[in-house]
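One structure below.
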Amino acid sequence: MTPFANIGNVPFDVNVLSSVFPNNKHINEKARALEQAGIIIRLKKGMYVASREETGKELSLELIANHIYGPSYVGREYALRYYGLIPERVYLVTSVTTKHSRDFENAIGSFSYLNVSVEYFPIGVKIESAHGVNFLIATPEKALCDVINFSKNLTLRSMKDVETYLEDDIRFDTDALMDFDLDILERCAKVSRKKNSIETLIKYTQFSQVKKVALFPPAKRVSLSPE
């Protein structure tokens, strides 16, 4: 059995590596040897993950992103693509943090972290499960707010602005707005750096949801009880 069987695809630091090889007094040299052998992958200084070949488990980019720099959650464009809300592939794993903005590169991929306020950070963040692990990711509503927040020179003044931005600029699946939680959008707007733009998005979302109800009213319930 591989010594990393119990760790699986969860990132770990040198202290965990020391517990895996308790008799090894030169743990940093051991880490380099394991990395060169393709058994572990270096994520950043002092942090690693066991390779898929070693554990048989798929790596979770989302969980890795959570571990590399935190507190953070996966958001922005990567989260929108995760939910299938934009068609383009997103190769940069985009996250949001309360720390300073940072970027990381490793053999797994590229990871970007942008700073937000502590008030904005926890809104609309959920725990998602994939590949046998749990990670923090923005809800669709929060991810869209993230993208708007970090889009330079973007101002959504009218409903037409929102429609053009969603459908033409980022090619967002606007049908998803029908199920959007307005409370998340409203809470984001209150503490957002682009409050007015998100408030315009809220109006557009409300209009979309009302239009859906008008076009597809709830079916009337038919009573089967005898009169």
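The numbers here are math on the coordinates, done by the rules we state, and not lab data. In this text the structure is predicted, and so the values were computed from the model without any measurement. Note: ideal-geometry Cβ built from the backbone for every residue, glycine included; neighbour counts use all protein chains shown.
At a glance:
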item: Loop trypsin sites (Lys or Arg not before Pro), the range 1-57 (other Cβ atoms within 10 Å of the site Cβ: 12 or fewer; DSSP); result: K25, K45
item: Rounded tilt (10° steps) of 182-191 against the dominant C-alpha axis of the chain; result: 70
item: Rounded tilt (10° steps) of 195-215 against the dominant C-alpha axis of the chain; result: 60
item: Cα shape, the range 164-216, gyration tensor, a/c 1.5 rule; result: oblate
item: Normalised alpha carbon radius of gyration of the chain [divisor 2.2 N^0.38 Å]; result: 1.28
item: Length released on extending from T164 to R89, taking residue separation times 0.36 nm less the Cα-Cα span; result: 24.9 nm
item: Taking S95, S19, S60, S208 and counting other C-beta atoms within 10 Å, the order from fewest to most; result: S19, S208, S60, S95
item: Nonlocal amide H pairs with Y73, under 5 Å, H built at 1.01 Å; result: V96
item: Candidates per trypsin sites (Lys or Arg not before Pro) in the range 60-166, loop by DSSP, up to 13 other Cβ within 10 Å; result: R89, K99, K152, R157
item: Two-site FRET efficiency, I27 against E53, from Cβ-Cβ distance with R₀ of 22 Å, rounded to 0.05; result: 0.50
item: Test item: Cα-centred dipole of the chain, Lys/Arg +1 and Asp/Glu -1 on Cβ, debye; result: 500
item: Integer Hz, Karplus 6.51/-1.76/1.60 couplings in order for the range 112-119, x for Gly and Pro; result: 10, 10, 10, 7, 9, 6, 5, 6
item: Net lengthening on full extension, K152/K44 (0.36 nm per residue, minus Cα-Cα); result: 36.0 nm
item: Aspartates and glutamates whose Cα lies under 16 Å from that of K44, excluding same-chain neighbours fewer than 8 positions away; result: D13, E29, E35, E62, D103, E105
item: Rounded to whole Hz, the Karplus (6.51, -1.76, 1.60) HN-Hα couplings of the range 68-78, x for glycine and proline; result: 4, 8, x, x, 7, 9, 6, x, 6, 5, 4
item: Note, ³J(HN,Hα) from phi for the range 22-30, Karplus 6.51, -1.76, 1.60, rounded to Hz, x at Gly and Pro; result: x, 8, 8, 8, 10, 5, 5, 5, 4
item: Förster radius 41 Å - calculated FRET efficiency between Q209 and A5 (Cβ-Cβ, nearest 0.05); result: 0.25
item: Per-residue Cβ neighbour rank within 10 angstrom, fewest leading, T98, T55; result: T98, T55
